[in-house]
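The values are calculated or read from the model by the stated rules, or taken from the named source; none is laboratory data. Treat the numbers as computed from the prediction; the structure is a model and nothing was measured. Every residue, glycine among them, receives a Cβ derived from its backbone with ideal geometry; neighbour counts consider all protein chains shown.
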Amino acid sequence: MAKAKEKFKTYGDVFDNFTNRVLFKLMSQEHFEEDTLSPISIGKEANVFSAKTKDGEFVVVKIYRLETCDFTRMFEYI
């Protein structure tokens, strides 16, 4: 039971297991380099980070906090 709770634990209100897997996939596809995420803004429903590509360009990564989001409104927003 403790492992199941740990699996769904969130880090800094953003980095849960699912988000970590998606970020790893994006890094593996070379959308941005590992360890280059830097926070830009923290909002009530999402956090915004900058990251660097291997070409030295900056990209923006927006991560929605699934724990605190209102999914009925999220669908309309997206």
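Summed over the stretch 43-63, residues that are under 15 Å from the mean Cα position of the chain (by Cα), closer than 13 Å to HIS31 by Cα and touching a residue at least 24 places away in the same chain (Cβ under 8 Å) total 2. Against the condition out of contact with any Asp or Glu (no Cβ under 8 Å at 6 or more places or on another chain), at pLDDT 90 or above and β-branched (Val, Ile, Thr), how does VAL14 come out, does it pass? Taking the combined requirement at face value, the residue does not satisfy it. Of the residues making up the stretch 41-58, one or more are charged (D, E, K, R), modelled with pLDDT under 90 and not in a strand (DSSP E or B). If you go through the stretch 64-77 one residue at a time, do you hit one that is surrounded by 14 or more Cβ atoms within 10 Å (Cβ to Cβ), at pLDDT below 90 and more than 12 Å from the chain's Cα centre (by Cα)? Within the stretch 64-77, one or more residues are surrounded by 14 or more Cβ atoms within 10 Å (Cβ to Cβ), at pLDDT below 90 and more than 12 Å from the chain's Cα centre (by Cα).
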